[in-house]
């Protein structure tokens with residue numbers, strides 16, 4: 001799906017603008033550099049101007065990676081991942097090359113809104129029922145006092161069933177302003193959407209904020225999953241996190257699943273869902289199940 005393609009006639013720009021001006025990491029995929037192009041001179045180009053042009057000229061694309069149930073093997077929902085098409089060659093640029101700059105220049109908020117608009121158009125055009133789609137929110141978006149109202153406008157504009165939208169926030173986003181993050185997560189829940197805590201365990205403050213934020217999914221950081229079959233310590237951590245999540249009445253998602261032995265261990269430990277190249281790579285085509 002190209003960035004200029006409208007899904008079922010939806011118009012993503014409907015959800016891109018806010019009544020007042022906004023400043024022009026979150027994670028939009030595990031492999032931030034692997035498998036992407038590095039056009040000559042890319043690192044020398046001024047990113048601020050490039051990102052503004054990309055927003056103005058619809059050079060961003062949204063790809064979808066399945067999150068699979070370890071109970072029945074079906075895609076329970078999908079994560080929306082942003083990609084940038086190089087303005088000269090059209091090749092995809094690694095998220096790790098442009099997302100840090102987008103955060104540095106304050107443009108990440110516009111990118112969040114762009115992705116949200118695309119996903120709302122997708123979900124609204126596909127009718128009621130079907131898989132959920134998760135959208136990442138950066139720290140700037142989580143602490144933006146207008147973002148909840150913006151999410152609600154998108155849901156209403158496209159007629160989206162709120163239970164089909166999952167909002168993912170990272171620990172970095174949460175600890176940047178805990179009070180606002182708490183209010184944001186509660187507001188998302190009030191709207192009827194689900195909340196996922198992303199990259200859980202990646203930082204030192206994980207357990208401190210765990211009890212303060214309402215959430216539906218706990219995504220186990222890929223650092224504990226990547227070498228799971230050969231790391232007894234990671235195995236202990238994953239099992240402990242599964243027990244913790246169950247005790248709190250929430251579901252677990254293991255990220256960065258790249259091989260079958262890892263998948264088998266996760267299933268044995270009782271992890272609910274898994275995501276990674278072993279189960280499906282991000283793809284621009286909208287999955288039929290959605």
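Counting other Cβ atoms within 10 Å as a rough exposure proxy, the listed residues 69, 126 run 69, 126 from fewest neighbours to most.
Using a/c under 1.5 as the rounded threshold, could you call segment 89-189 rounded, prolate or oblate? The axes a ≥ b ≥ c are square roots of the C-alpha gyration tensor eigenvalues, and prolate needs a/b larger than b/c, oblate otherwise. Because a/c hits 1.5 or more and a/b fails to exceed b/c, segment 89-189 counts as oblate.
Mind ranking 85-97, 268-280 by how tightly packed they are, going by the mean number of other C-beta atoms within 10 angstrom, highest first? Walk me through the intermediate numbers first.
On the way: 85-97: 16.2, 268-280: 19.5.
The peptides rank, most packed first, as 268-280, 85-97.
Checking the a/c ratio against 1.5 first, then a/b against b/c, what shape does the Cα gyration tensor give for segment 167-290?
Working: a/c = 1.93, a/b = 1.28, b/c = 1.50.
Here segment 167-290 falls in the oblate category.
In this label model, residue 72 and residue 186 are separated by 3.5 nm, measuring between points 7 Å along each Cα→Cβ vector. Among 176, 230, the order by Cβ neighbours within 10 angstrom, fewest to most, reads 230, 176.
Coordinate-derived values only; no laboratory data. These figures come from a predicted structure and were not determined experimentally. Because the Cβ atoms are built from the backbone with ideal geometry, glycine has one as well, and the counts that use them run over all protein chains shown.
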